[in-house]
Amino acid sequence: MPVLFVTGTCTEIGKTVTTAALAATALGRGRSVAVLKPAQTGVALDEPGDAAEVVRLAGPRVTTAELARYPEPLAPATAARRAGLPPVRPEEIAEAAAKLAASHDLVLVEGAGGLLVRFDDAGSTLADAARLAGAPVLVVAQAGLGALNAVALTALALRAYGLDSPGVVVGSWPAAPGLAARCNLDDFPEAAGAPLLGRIPEGAGGLPPEEFRTRAPGWLAPALGGTG
């Protein structure tokens, strides 16, 4: 898959660290990688955003692109409207991904929040951009209670848009998982209609970058280029 969209079942669940693990794994296999962040919210112009975090963890060989940045930590459509700035349209996202794919082996498109978060006042979402790009969507989920419903709803939306998903990655797997988290490992494939493809350890983003790059392949299944 030359272009892979990465979405979450909600925000703050490890989507950026998962993207970094995917990038580090692909780089380790000798592939060229680009990361596209269509809309960065909640970060000032002079502050590093999610794309910069991927580079910090995965390494400087990652190409990055950002289409828009809005200062308030809100959904892209709301943040753009409040800032008086133009929104990002799905056509722009698909076009940018295609341009990057022309010169890279893998393009990772990291969304904002969940699959159906609005990018503009017309109601366009990451799902619209993925459909235009003809790209699959990887789902990053939380580990414990509430995750099955969120994964099932995301999978339902993916099917409604006619989108494929390679599977689910747990974005922050706790060192001492509770009963719900342990049971979810068996239940995620049924909820998603797609396999469980990895578990990113809790706190992985705080590892030294060299250690992160060494360990990343073990967190991901072979379908994502990993060894786990």
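The values are calculated or read from the model by the stated rules, or taken from the named source; none is laboratory data. Since we're looking at a predicted model, the values are computed, not measured. Here the Cβ is made from the backbone with ideal geometry for all residues, glycine too, and neighbour counts use every protein chain on show. Keep in mind that these areas ignore ligands, DNA and RNA; they rest on the heavy atoms of the full protein, side chains included. Shrake-Rupley method; radii C 1.70, N 1.55, O 1.52, S 1.80 Å.
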Apply the Kirkwood formula to the chain: the hydrodynamic radius equals the inverse of the mean of 1/r over all pairs of different alpha-carbon atoms; give it in Å with one decimal. 17.3 Å
Across Val88, Val43, Val170, the residue with the highest GNM fluctuation in the chain (Cα network, 10 Å cutoff) is Val43
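At 1.4 Å probe radius, can you tell me the per residue accessible area of the range 57-124 in Å²?
Numbers: 3210 Å² over 68 residues.
That works out to 47 Å² for each residue.
Sorting check: for 141-147, 25-31, 178-184, which peptide has the highest mean count of neighbouring beta carbons within 10 Å, and how do the rest follow? Can you show the working numbers first?
Details: 141-147: 19.9, 25-31: 17.3, 178-184: 14.4.
In descending order of packing, they fall as 141-147, 25-31, 178-184.
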Max mean-square fluctuation residue, GNM over the chain, Cα-Cα springs under 10 Å, options Leu108, Leu156, Leu148: Leu156
Whole-percent carbon and sulfur share, accessible surface of the range 31-76, 1.4 Å: 55 percent
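Could you state the orientation-averaged shadow area of the convex hull built on the Cα atoms of the range 1-109, in nm² to one decimal? Mind dumping the intermediate values first?
Working: hull surface 26.7 nm².
That works out to 6.7 nm².
Sum up the charges of everything whose Cβ sits under 12 Å from the Cβ of Leu148, counting Lys and Arg as +1 and Asp and Glu as -1, but leave Leu148 out.
-3
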Kindly provide log₁₀ I(q)/I(0) values, in the same order as q = 0.16 Å⁻¹, from the Debye equation applied to equal alpha-carbon scatterers of the range 101-228. -0.88
Roughly how many Å² of Val62 are accessible to a 1.4 Å probe, to the nearest 10? 10 Å²
Where does the chain land at 222 nm, in deg cm²/dmol rounded to the nearest 500, when only DSSP H runs of n ≥ 4 count, each adding -39500 (n - 2.57), divided by all residues? -12000 deg cm²/dmol
What figure, in Å² to the nearest 10, do you get for the accessible area of Ser172 with a 1.4 Å probe and non-protein molecules left out? 50 Å²
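Ranked from the most accessible area to the least, with a 1.4 Å probe and all protein chains present, what is the order of Ser32, Ser103?
Numbers: Ser32 40, Ser103 80 Å².
These residues rank, largest area first, as Ser103, Ser32.
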Taking Lys and Arg as +1 and Asp and Glu as -1, residues besides Gly59 with C-beta under 14 Å from its C-beta add up to +3
Mind telling me which of Gly198, Gly134, Gly167 comes out most flexible in a GNM of the chain, alpha-carbon contacts under 10 Å? Gly134
Calculate the radius of gyration of the Cα atoms of the range 153-209 to one decimal place, then report Dmax, the largest Cα-Cα distance, as a whole number, both in Å. 13.3, 40
Where both residues lie in the chain, what percent of DSSP beta bridges are antiparallel, nearest 5? 5 percent
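Within the P(r) computed for the range 131-176, what percentage of the Cα pairs occupies the region above 13 Å? Could the numbers behind the result be given before it?
Values: 597 of 1035 pairs.
Roughly 58 percent, once rounded to a whole number.
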